[in-house]
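The structure appears right after this line, and notes come after that.
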Amino acid sequence: MTEHTLTVAGVAVDTRHWIGGERVASAETFTDVSPIDGSVLGEISRGTEVEVDAAVAAAKAAFPAWAATSRAERARILHAVADGVEKRIEDLAIVETTDNGALLRSHRRGVMPRVAHNFRFFADWLLELDHEDFETRGHTNHVSWDPAGPSVLITPWNAPLMLSTWKVAPALAAGNTVVLKPAEWTPLTASLLADIAAEAGLPAGVLNIVQGYGSEIGDALTSHPDVRRISFTGSVPTAQRITQSAAVNLTPLSLELGGKSPLLVFADADLDLAVDLAVEQYDNAGQVCLAATRILVEETVAEEFTRRFAEKAAAIVQGDPRDEATDIGPNIHERQLEKIDGFVRRAVDAGARAVIGGHRGEGQYYAPTLLADVAQDSEIVQEEVFGPILTLQTFTTEDEAVQLANDTRFGLAATLATGDRERAARVTERLVAGTVWVNCFFVRDLQAPFGGSRHSGVGREGGTWSFDFYCDLKNTVTAPKGWKNHG
Ligand code: NAD
């Protein structure tokens, strides 16, 4: 144990940055606290422009060799990283749960295996990445994906390692080098990833991690002239700030932002399925960008839906996320709880009725809440809360359902519950959303395009779309004749 190590349930985590294959400490630190019980986990190196410059310089220096590394070798190393993640699933799961309060059982069985899959998927996709040559008046067109260069990846706290590796894996597969800045509330699993990547043989400087506050080092990262790509997941105001900062160098951006997604329940739906889908929106204490937080129900079944929903939601177990029986853990931070409560108070003052919940629980928990009697133009219907707060509205026609569903500034996802295939096709076509789920929720394949419309984001990642973003695409046109020596 050193002054630069903290331990979580016996797992040692280095609290320093990871730059150029070495641990680097800052003079200043910030305190990392567990949302489970408010306990202090440790002091984390707090980055400044100095560490940002060092990390970008390391990424720049490592880029030519990594870009020139064969696809097969890059894929081999990424698979080795996946092996390392799989070996440490238990460590990663308990550290992540302690740091962000999401369920240990989900981290163990779903999230961390998925982290490994992020590396395997993009390693395999890289080996298949191709575009068939085509001809123009006898000339051959050949499309290639050239690695773009050092990439800055900035991620939020609600699914820290999952969202970080969803960017790190394709960026590295593409041949780019990376500077990752994890969220300040949840820096720990990124540090473990550095250990895993080093052990897997990822060359020094290919992955760099700078910890710290976005408000302090964000501009230095996003306006850096040597950075060729910025991929960001987080809130709309931060994305607007990053867009301005990146404009100086016209650095291409991928922005995955917030949402206020609808769940449309038609009278022809399997109502039990619809209720299950609705209750699922409380997962991760509502701290899910894709959550369908606006429940829109056809009027004829609204009463029955609401009755069954309240019954099912009453069985939700809220508590310690390390406990197998728990369904919902704490919210991330006191500041976030105050924000959530402010939204609910203002909604109730404006006439909303809490069908369930509507208040804080003990400690850092908020009672799962369903608010009815809400106006379409009200704050609670229009703005992302990022907590266990759902709203309930009714509609009488398909047109009205679509109109309500599309009537926010967001467009991340939408979920439909209907027993009618033709209706599903008609409605889906009219919805503004990056992802639509029909009679299901949260089924995500890495080869699918992922992203949001309007204020939910800019661009798409996933499968080939990720390589399109992280690379400079090149088309080479070769004349049919003209080789001097070879005919
Ligand atoms: P946030 O925007 O406050 O912070 C996200 C990251 O940006 C953090 O690492 C933070 O340090 C950094 N940051 C802050 N200011 C910065 C600046 N000026 N320059 C550069 N970086 C800066 O968001 P949050 O509260 O951590 O995350 C919640 C938000 O993320 C919600 O809106 C949620 O919907 C969204 N989200 C979106 C997706 C998606 O895929 N669309 C997934 C998860 C979360």
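The values are calculated or read from the model by the stated rules, or taken from the named source; none is laboratory data. Here the structure is a predicted model, which means the values were calculated and not measured. Because the Cβ atoms are built from the backbone with ideal geometry, glycine has one as well, and the counts that use them run over all protein chains shown. Ligands, DNA and RNA are excluded from the accessible area calculation, which covers all protein heavy atoms including side chains. Shrake-Rupley method; radii C 1.70, N 1.55, O 1.52, S 1.80 Å.
Below, the figures for the structure above:
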| read-out | value |
| --- | --- |
| Scope the stretch 285-312; condition under 18 Å from A367 (Cα atoms), in contact with a strand residue (DSSP E or B) (Cβ under 8 Å, 6 or more places away or on another chain) and assigned to a loop (DSSP other than H, G, I, E, B); matching residues | A291 |
| Enumeration of residues in the stretch 324-344 that are free of Cβ contacts under 8 Å to residues at least 40 places away in the same chain, away from the ligand (no atom under 16 Å from the Cβ) and surrounded by 13 or more Cβ atoms within 10 Å (Cβ to Cβ) | D341 |
| Qualifying residue in the stretch 375-383 (condition: in the same structural domain as L416 (by TED's automatic domain parsing) and loosely packed, with under 14 Cβ neighbours inside 10 Å) | yes |
| Looking only at the stretch 206-232, and only at residues there that are under 15 Å from A169 (Cα atoms) and either assigned to a strand (DSSP E or B) or not β-branched (V, I, T) (or both), the one that is nearest to the ligand (Cβ to nearest atom) | F232 |
| Considering residues of the stretch 247-270 that are among the aliphatic types (A, V, I, L, M) and either under 18 Å from the mean Cα position of the chain (by Cα) or outside any loop (DSSP other than H, G, I, E, B) (or both) only, the residue surrounded by the fewest Cβ atoms within 10 Å (Cβ to Cβ) | A247 |
| Residues that are over 30 Å from E299 (Cα atoms) and near the ligand (Cβ under 7 Å from one of its atoms), drawn from the stretch 240-270 | R241, I242, S245, E256, L257 |
| Matching strands (runs of 3 or more DSSP E) fully within the stretch 16-129 where at least 1 residues are surrounded by fewer than 23 Cβ atoms within 10 Å (Cβ to Cβ) | 22-24, 29-33, 40-45 |
| The stretch 130-166 - residue that is open to solvent by 60 Å² or more (accessible area, probe 1.4 Å) and not in a strand (DSSP E or B) and, of those, farthest from the ligand (Cβ to nearest atom) | R137 |
| Filtered residues of the stretch 446-467 (kept if open to solvent by 60 Å² or more (accessible area, probe 1.4 Å) and either within 15 Å of the ligand (Cβ to nearest atom) or in the same structural domain as A291 (by TED's automatic domain parsing) (or both)) | R454, H455, V458, R460, W465 |
| Flag if V301 is open to solvent by 20 Å² or more (accessible area, probe 1.4 Å), of a type in the set (A, V, I, L, M, F, W, C) and away from the ligand (no atom under 13 Å from the Cβ) | yes |
